[in-house]
1. Given the conditions (1) surrounded by 14 or more Cβ atoms within 10 Å (Cβ to Cβ); (2) under 23 Å from LEU248 (Cβ atoms), report the number of the one that SER55 does not fulfil.
2. Within the range 153-160, can one find any residue that is in the same structural domain as LEU232 (by TED's automatic domain parsing), more than 23 Å from ALA222 (Cα to Cα), assigned to a helix (DSSP H, G or I) and in contact with a helix residue (DSSP H, G or I) (Cβ under 9 Å, 6 or more places away or on another chain)?
3. Only one residue in SER45, SER81, SER55 is among the hydroxyl-bearing types (Ser, Thr, Tyr) and in contact with a helix residue (DSSP H, G or I) (Cβ under 9 Å, 6 or more places away or on another chain), so which one is that?
4. Could you tell me which of the residues MET104, MET114 is closer than 21 Å to GLY150 by Cβ and touching a residue at least 40 places away in the same chain (Cβ under 8 Å)?
5. Just wondering, is there one or more residues in the range 68-78 that are surrounded by 11 or more Cβ atoms within 10 Å (Cβ to Cβ), modelled with pLDDT of 95 or more and β-branched (Val, Ile, Thr)?
6. Could you check how many residues of the range 100-115 are under 10 Å from the mean Cα position of the chain (by Cα) and part of a helix (DSSP H, G or I)?
7. With among the polar types (S, T, N, Q), closer than 20 Å to PHE135 by Cα and not assigned by TED's automatic domain parsing to the domain that holds THR51 as the only criterion, which of ASN236, ASN249 stands out?
Amino acid sequence: MMRFERGLDFARAQDAADPLAAFRDRFAIPRRPDGTDVIYLCGNSLGLQPTAAVSLVREELEAWGAMAVSAHFAAERPWVSYADRLAPATAALVGAHPSEVVTMNTLTVNLHFMMVSFYRPTPDRRKVLIEQPAFPSDRYAVESQIRFHGFDPADSLIEVGPRPNESTIRMEDLETCICAEGSTIALVLLPGVNYYTGQVFDMAAVTRLGQAQGCVVGFDVAHAVGNIPLRLHDWNSDFAVWCSYKYLNGGPGAVGGCFVHERHRDWVDKPRLAGWWGHDQASRFQMGPDFIPISGAG
């Protein structure tokens, strides 16, 4: 185990030995008025711009200008197949099979999409378990979904937080809650990493606990993807959602992603919101009236 030391010499030695140090040069780093680089610790909010982004975005704009609608099929990187092209790299980031992931929308939109299919409350099993403090927009989405189904967040939303004078949530407290309330919980929805404290949750253990009680288990991994190793497929998580503008450095407005475990890939009997990009690509442009879903997360 490495022994850390306080002091500038130790820090400089570690920087010099860092095999990834050269990657710093691949990002545009804001500068202070005196021209020196800032120390940027806001990647949890917005990642730095990769220097390659400018030319890559310009190439897409040039394809649009030169080919217009034909760029969907004839561009160097055809737009019609963008999701297929991104799937292998995305799957590697979250520990999934390419067929289990799709790059689309924003995080909150994706969370709503997932809850349409996976949050199926009944009067006896209607509750959603989240952490406290949860990222505000996650809480907004969960509360709105509970109300959408005709229930009241006051008695349908369970929040588990740290104990007094502690900053992180104990795993045993999550376990106690899930075991005590499991028969009434429809969905366990936790982050991979808490946005405020940086606490890393044991997603494998949470998944096992929730599913043992008959709960669906999903994760918001916005602060985990690109930050910590993920193995969503191996952990058997039902679904996950994320954005790409934090540790993935996608930039403001960059599309997010979804993971749906392959156990659910042929979920023809589940409710879902259908649309253009979810239609089978081979027949999509035949413009038929019937929706033919893509198998998997797409």
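The values are calculated or read from the model by the stated rules, or taken from the named source; none is laboratory data. No experiment lies behind these values; they were computed from the predicted model shown. So basically every Cβ, Gly included, is an ideal-geometry build from the backbone, and we count neighbours across all protein chains shown.
1. Status for SER55: all satisfied but (1).
2. Within the range 153-160, the subset in the same structural domain as LEU232 (by TED's automatic domain parsing) is 153-160.
Now restrict to residues that are more than 23 Å from ALA222 (Cα to Cα): 153-156.
Retained after the next criterion (residues that are assigned to a helix (DSSP H, G or I)): 153-156.
Filter again for in contact with a helix residue (DSSP H, G or I) (Cβ under 9 Å, 6 or more places away or on another chain), leaving 153, 156.
So far as the range 153-160 goes, yes, one or more of its residues are in the same structural domain as LEU232 (by TED's automatic domain parsing), more than 23 Å from ALA222 (Cα to Cα), assigned to a helix (DSSP H, G or I) and in contact with a helix residue (DSSP H, G or I) (Cβ under 9 Å, 6 or more places away or on another chain).
3. Values: SER45 fails: in contact with a helix residue (DSSP H, G or I) (Cβ under 9 Å, 6 or more places away or on another chain); SER55 fails: in contact with a helix residue (DSSP H, G or I) (Cβ under 9 Å, 6 or more places away or on another chain).
After applying the criteria, what remains is SER81.
4. On the way: MET104 fails: closer than 21 Å to GLY150 by Cβ.
Of the residues listed, the single one that is closer than 21 Å to GLY150 by Cβ and touching a residue at least 40 places away in the same chain (Cβ under 8 Å) is MET114.
5. So far as the range 68-78 goes, no, none of its residues is surrounded by 11 or more Cβ atoms within 10 Å (Cβ to Cβ), modelled with pLDDT of 95 or more and β-branched (Val, Ile, Thr).
6. 4
7. Working: ASN236 fails: closer than 20 Å to PHE135 by Cα.
Only one candidate qualifies: ASN249.
Here is a yes/no grid of residues against (1) buried (at least 18 other Cβ atoms within 10 Å of the Cβ); (2) in a loop (DSSP other than H, G, I, E, B):
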residue	(1), (2)
ALA180	no, no
ALA204	no, no
ALA222	yes, yes
ASP234	no, no
GLY250	yes, yes
PHE259	yes, no
